Every structure is written in structure tokens, then in C-alpha cells.
1. Identify, please: which residue in region 1-25 is in contact with a Ser or Thr (Cβ under 8 Å, 6 or more places away or on another chain) and closer than 22 Å to Asn75 by Cβ and is, among those, surrounded by the fewest Cβ atoms within 10 Å (Cβ to Cβ)?
2. Six or more apart or on different chains, Cβ atoms under 8 Å: show the pairs whose first residue is in region 15-38 and without any contact (Cβ under 8 Å) to a residue 60 or more places away in the chain and whose second is of a type in the set (Phe, Trp, Tyr) and assigned to a helix (DSSP H, G or I).
3. Being assigned to a strand (DSSP E or B) and within 19 Å of Lys6 (Cβ to Cβ) is the filter here; which residues of region 17-71 pass it?
4. So which residues in region 39-51 are under 18 Å from Lys76 (Cβ atoms) and of a type outside the set (Ser, Thr, Tyr), if there are any at all?
5. Report yes if Ser59 is within 10 Å of the chain's Cα centre (by Cα), surrounded by 18 or more Cβ atoms within 10 Å (Cβ to Cβ) and modelled with pLDDT under 95, otherwise no.
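The values are calculated or read from the model by the stated rules, or taken from the named source; none is laboratory data. Everything quoted here is computed from the prediction, not taken from an experiment. Positions of Cβ are backbone-derived with ideal geometry, glycine not excepted, and every protein chain shown enters the neighbour counts.
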Amino acid sequence: MLLKDKVAIITGSSRGIGRATAIEFAKQGAKVVVNYNKSKEEAEKVVEEITRLGTEAISIKADVSKPDEVKLMINK
């Protein structure tokens, strides 16, 4: 568990490479923030999959091209 007690914010992690990365970080012990912009439903599915692995995860909507939204995501 290389990432035990670490928090990882994975942008665009509701699908594709971001999803795979989020799941791999969870398998390594990280608590994962699943970031999405439009696919809340898909993000929640990733959160469910991660929690089934025994790791904490939350989903947060944020457009990472907007600095104010990134700040809000980090502060959550």
C-alpha cells in the first residue's frame, strides 16, 4: 500500500484513463477524489467501485480549466 493515508485528486476520473488511474490509486491505499465536470452518474459509479475496494472516495464537480473551481475542489 504505497499510497496509504494519502489523498489523490484525479481529474477527469469519471471515465477512461482517469477512471483507471483513480481505481489503481485506491488499490494502492489512497483516499480518492473523483473529479468530474459533466458525468456525475459515472463519477458516482467510480466512487462505489472504489469504496468496494475498502478505500474512501468522494466525487466533486469542477471544471479544472477554471482556477476558482479548482480552489473550491481542493478546499472541499
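1. If we take residues in region 1-25 being in contact with a Ser or Thr (Cβ under 8 Å, 6 or more places away or on another chain) and closer than 22 Å to Asn75 by Cβ, then Gly18 is surrounded by the fewest Cβ atoms within 10 Å (Cβ to Cβ).
2. Final answer for the pair search is Val32/Phe25.
3. Selection gives Lys31, Val32, Val33, Val34, Asn35, Ala57, Ile58, Ser59, Ile60.
4. Selection gives Lys40, Ala43, Glu44, Val46, Val47, Ile50.
5. No; evaluated as a whole, the condition is false for this residue.
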